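To start, the structure itself, in structure tokens.
Since every read-out is calculated from the coordinates, none of them should be taken as a lab result. Treat the numbers as computed from the prediction; the structure is a model and nothing was measured. Note that each Cβ is placed from the backbone with ideal geometry, even for glycine, and that neighbours are counted across all protein chains shown.
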Amino acid sequence: MARLTGTFERLAMAATLAAGMLAGQSALAASFSYTDFTSTAGLTLNGNAAQAGSVLRLVPSTDTQAGTAFASTAVALDGSTSFSTSFTFNVTQDPDSPFGAPDGFTFLLQNDAAGASALGGAGQGMGYTGLSPSVAVVFRGRDPNLIGVITGGVDPADLPTPFQPPGYYSGTEGEFYGQDEHAWIDYDAGTQLLSVYLSTGAIKPGTATMSTTVD
């Protein structure tokens, strides 16, 4: 079993969140969809996470915050489970903050003992560090910028090569902040390939921003 979440550090707005889980190539095993967050029924909000009108704000634009929003009911996953998810996010920053771009956020699969109440480290921990077992798709906009996959709740600074998970994408500080961004994450259990797509438009790009294998 696994808990499915997006843990958005300093997230201002996530307009849509949808996930579909496919067991191999068989019928749909589980799915959920939010066109907005006027209602957060079915989600468990932790830490600094809060509903803000029709959006889900995981943390305010304040230093050293952490928030998670998990599906309250665990989703069954095993080695044959493929999945796809998509969501829209907008990360903003406090113009008066001396710390530059916010650290970032993650899309997280986890089966930590705390279940839907799990909350990882704040700030650079992006709400996921320390949660295990877990697979975090990290969207870090602060220098060093990265989009990549980190397992086991490891801090990006503690990777074998700091801030460089296998297959990661590296850009410039804050490049996908301050505007609506659309993300798609696909996992093919047959090839064990996890791919992340990112665009300012609502149409999924033909080429992944980054891909890596995850067992």
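Structure above, values below:
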| quantity | calculated |
| --- | --- |
| Extension gain from residue 193 to residue 111, taking 0.36 nm per residue of separation minus the Cα-Cα distance | 27.5 nm |
| Anisotropy class of the chain from Cα gyration tensor, a/c 1.5 cut | rounded |
| Unit charges at the beta carbon, dipole of the chain: most positive-side option, 125, 82, 97 | 82 |
| Cα centroid separation - the range 79-106 against the range 166-215, whole Å | 12 Å |
| Ranked by how many other beta carbons lie within 10 Å on average, peptides 82-88, 60-66, 33-39 from highest | 82-88, 60-66, 33-39 |
| Evaluated over the range 71-155, the Cα radius of gyration and Dmax, each in Å | 14.1, 48 |
| Cα gyration tensor shape for the range 152-213, rounded if a/c is under 1.5, else prolate or oblate | oblate |
| Distant-in-sequence amide H partners of residue 32 (H built 1.01 Å from N, under 5 Å) | 19 |
| Local net charge near residue 170, Cβ-Cβ under 14 Å (Lys/Arg +1, Asp/Glu -1) | -1 |
| Mean Cα-pair separation over length for the range 76-157, i.e. relative contact order, pairs under 8 Å, 6 or more apart, % | 25 percent |
| Whole-Hz couplings from phi, Karplus 6.51/-1.76/1.60, listed for the range 87-104; x for Gly and Pro | 7, 10, 9, 8, 9, 10, 9, 6, x, 8, 6, x, 9, x, 5, x, 4, x |
